[in-house]
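Structure first, commentary second.
The numbers here are math on the coordinates, done by the rules we state, and not lab data. Since this is a predicted model, take the numbers as computed values, not measurements. As a convention, Cβ positions derive from the backbone with ideal geometry for all residues, glycine included, and neighbour counts pool all protein chains shown.
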Amino acid sequence: MNDLETLQPETIAVLARGTALTPVSLTFTEPFDREEWLQYMGVLFAFASSQNWWLGDALSQGEAMLGEDYAQAEAVAERYGINHERLRNCQWVAERVTAVTRVNGLSWTIHRAVAGLGHVEQRKMLADAIAEGLDGKQVAQRVKALENGEVEEPERCPTCGQIVRK
C-alpha cells in the first residue's frame with residue numbers, strides 16, 4: 001500500500017510543509033525527522049507512479065465534460081510542452097483498464113500491456129503478473145502470444161481463477 005492509497009489532506013500537506021519545489025529541483029527548507037522524511041519519500045514515489053493514470057483519467061473526464069475528442073490532449077500538450085502521443089497513450093490505457101481493474105503495486109507499463117485485452121482477460125493477466133512476479137516486458141510477451149494464439153490458457157482453479165501449480 002502506498003501513501004496515496006487513500007488520498008488524505010495530511011498526506012498532501014507533507015509536500016507543502018518545509019519544502020520548496022520547482023520543475024527541476026526540491027529543497028527542504030526546514031528539518032524533518034526520519035519518519036517525516038520517509039513519509040515524504042513515500043508521497044513522492046506514489047505521485048511518480050500515479051501520474052500516467054491521473055493524466056489519462058483527467059483527459060478522459062475532460063473530454064466527457066467538455067465534449068471535444070482529443071482536443072484537450074492537444075491543448076495540454078501545446079500549453080505545457082508535453083508530448084501529445086504520451087498524453088494520448090495515457091488516456092487510451094486509462095479508458096481501457098478501468099479503475100476497478102487496476103492493481104495498485106503493478107506498474108503502469110504492465111497495465112499498458114494488457115490494455116488491448118477484454119476486461120476478463122486483463123484481470124487474469126494482472127493476477128498472473130502478481131502471482132508470478134512478471135515485469136512489463138514479460139506481460140507484453142504473454143499478451144502478444146495470447147493474441148497470436150501461440151499459447152494455451154493455463155489451468156485455473158474454477159473457484160478463484162488462480163493458476164493451478166503442478
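Things worth noting here:
- Using only alpha-carbon positions in segment 51-148, the gyration tensor eigenvalues give semi-axes of 27, 13, 12 Å once each is multiplied by 5 and square-rooted (largest first).
- Under Karplus coefficients 6.51, -1.76 and 1.60, residue-wise ³J(HN,Hα) of segment 75-80 in Hz, glycine/proline x: 5, 5, 4, 5, 5, 10
- For residue 19, nonlocal amide neighbours, meaning residues 5 or more places apart or on other chains whose placed amide H falls under 5 Å from its own, are 29.
- Sequence-distant residues sharing a close amide H with residue 156 (under 5 Å, placed H): 164
- Ellipsoid semi-axes for segment 100-166, based on the Cα gyration tensor and the rule √(5λ), read 17, 15, 11 Å when sorted largest first.
- Ranked packing of 52-60, 18-26, 128-136, most packed first, by mean Cβ within 10 Å: 52-60, 128-136, 18-26
- Gain in span if fully extended, residue 141 to residue 17, counting 0.36 nm per residue against the direct Cα distance: 40.2 nm
- Extended-chain gain in nm, criterion 0.36 nm per residue less alpha-carbon gap, residue 82 and residue 131: 14.1 nm
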